[in-house]
Amino acid sequence: MSAAIKPPSFSLSFLGPRFWGIWFGAGVLYFLLWLPFPVIRLLGSGAGKLIAKIVPKRVRVARRNLALMYPDMSEVNREVLLQRNIRCTGMALFETGMGWWWPAWRIKKHVEIEGYEHVEAAVAAGKGVFGMALHNMNLEFACRGLGYTHPAIAFYRKHDNPLMDYLQYHGRARSNKYMIHKRNAKALLAALDNNELCLYLPDQDYGRSQSIFVPFGGVKDTATTTATLMFIRRTNAVPIMITSQFTDKGYKIKFYPPMESLRDMDDIPALTLLNKHIEAAVGEQPESYLWMHKRFKTRPDKSAPSLYD
């Protein structure tokens, strides 16, 4: 357990004027989270419209990402998808609060798990699970829900604001085991060797230094981290992709069949295959995905123009 991040402690300074805005916002959100779930979803949809007006640059990023990812989709259909994604973005604010503050009984009421037999098989074989989770915007809620079936271990990035860090850490830790500093790869490898379920996010642009360029959607050269393969090759853990999707009644956490073949493949075919699986999983519910992140920011040629200009 020494690899675990030390939980941030409450400080009396959090009561000072510097943090009143955060307390107010958190208090309003906490109050709204006690409303019936269908009402929360309506509020989330409205919040998405407000977010679109406040940060139009992010909407433009999402629109561009959808055009790059789905070049064969009509512009009309992409715009419909964008509007659905904006509504999901607003709901993500509430889903984060739900994941941090909802009581256990209410979390369990709105969560279902599909494909958990893949995890059970790995555990029965005496192996850990390298869970490759995707950046669906309800991930905060899904991680809390997953913890009641199988507590997990994950990387953690400290928030710059100390009060937000306190709220974030303790919210995420309510149902799972512990968290590891995002740069402590050795600790995650050790946890995998200790047959734990560990969560890792392989689907963002982490920069040129630790990536190779393989296809993803309509972009031939997408920066894709090689760290995913390092974790798979240096342990006997079973690599399993995970997504979280909304349903009519709540949310579904989905485990996909193991991808053991990645361990023995060369880098380029392995990450090409992984990206194909990620693309297929995203395509099951593309409005839930984090399109407001510049997924295609890093280009193979440093001097090449940005895809977002």
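Here are the numbers for the structure shown:
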{"quantity": "Residue count, the stretch 60-83 (criterion: touching an Asp or Glu at 6+ places or on another chain (Cβ under 9 Å), touching a residue at least 40 places away in the same chain (Cβ under 8 Å) and over 17 Å from LYS294 (Cβ atoms))", "calculated": "1"}
{"quantity": "Among the residues listed as PRO300, PRO305, the single one being in a loop (DSSP other than H, G, I, E, B), touching a Phe, Trp or Tyr at 6+ places or on another chain (Cβ under 6 Å) and modelled with pLDDT under 95", "calculated": "PRO300"}
{"quantity": "Residue within the stretch 165-179 that is polar (S, T, N, Q) and more than 18 Å from the chain's Cα centre (by Cα) present", "calculated": "no"}
{"quantity": "The stretch 265-290: number of residues that are buried (at least 20 other Cβ atoms within 10 Å of the Cβ) and of a type in the set (Ser, Thr, Tyr)", "calculated": "2"}
{"quantity": "Considering residues of the stretch 67-99 that are over 20 Å from SER45 (Cα atoms) and of a type in the set (A, V, I, L, M, F, W, C) only, the residue surrounded by the fewest Cβ atoms within 10 Å (Cβ to Cβ)", "calculated": "VAL76"}
{"quantity": "Count - residues of the stretch 139-189 that are within 17 Å of PHE231 (Cα to Cα) and touching a Gly at 6+ places or on another chain (Cβ under 9 Å)", "calculated": "2"}
{"quantity": "Residue selected from the stretch 1-29 under the condition assigned to a helix (DSSP H, G or I) and of a type in the set (A, V, I, L, M), by the criterion surrounded by the fewest Cβ atoms within 10 Å (Cβ to Cβ)", "calculated": "LEU12"}
{"quantity": "Filtered residue count, the stretch 248-260, keeping only those that are in contact with a strand residue (DSSP E or B) (Cβ under 9 Å, 6 or more places away or on another chain) and more than 16 Å from GLY128 (Cα to Cα)", "calculated": "6"}
{"quantity": "Output for the stretch 9-22, where each listed residue is in contact (Cβ under 8 Å) with a residue 60 or more places away in the chain and either within 26 Å of LEU82 (Cα to Cα) or among the aromatic types (Phe, Trp, Tyr) (or both)", "calculated": "PHE10, PHE14, PHE19"}
{"quantity": "Some residue of the stretch 43-57 being in contact (Cβ under 8 Å) with a residue 60 or more places away in the chain and assigned to a helix (DSSP H, G or I)", "calculated": "no"}
{"quantity": "Identity of the residue in the stretch 291-309, among the polar types (S, T, N, Q) and surrounded by fewer than 13 Cβ atoms within 10 Å (Cβ to Cβ), that ends up nearest to ARG63 (Cα to Cα)", "calculated": "SER306"}
{"quantity": "Strands (runs of 3 or more DSSP E) lying entirely in the stretch 125-232 (those with 1 or more residues that are touching a Pro at 6+ places or on another chain (Cβ under 7 Å))", "calculated": "129-133, 211-216, 219-225"}
{"quantity": "Subset of the stretch 7-34 [of a type in the set (S, T, N, Q) and under 28 Å from ALA104 (Cα atoms)]", "calculated": "SER9, SER11"}
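Rundown of residues vs (1) within 28 Å of ALA152 (Cβ to Cβ); (2) modelled with pLDDT of 95 or more; (3) touching a strand residue (DSSP E or B) at 6+ places or on another chain (Cβ under 6 Å), yes/no style:
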site	(1), (2), (3)
MET1	yes, no, no
ILE5	yes, no, yes
PHE31	no, yes, no
LEU42	no, yes, no
TYR70	no, yes, no
ASN77	no, yes, no
THR89	yes, yes, no
ALA92	yes, yes, no
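The values are calculated or read from the model by the stated rules, or taken from the named source; none is laboratory data. None of the values given here were measured: they were computed from a predicted structure. All Cβ positions, even for glycine, are placed from backbone atoms using ideal geometry, and neighbour counts span all protein chains on display.
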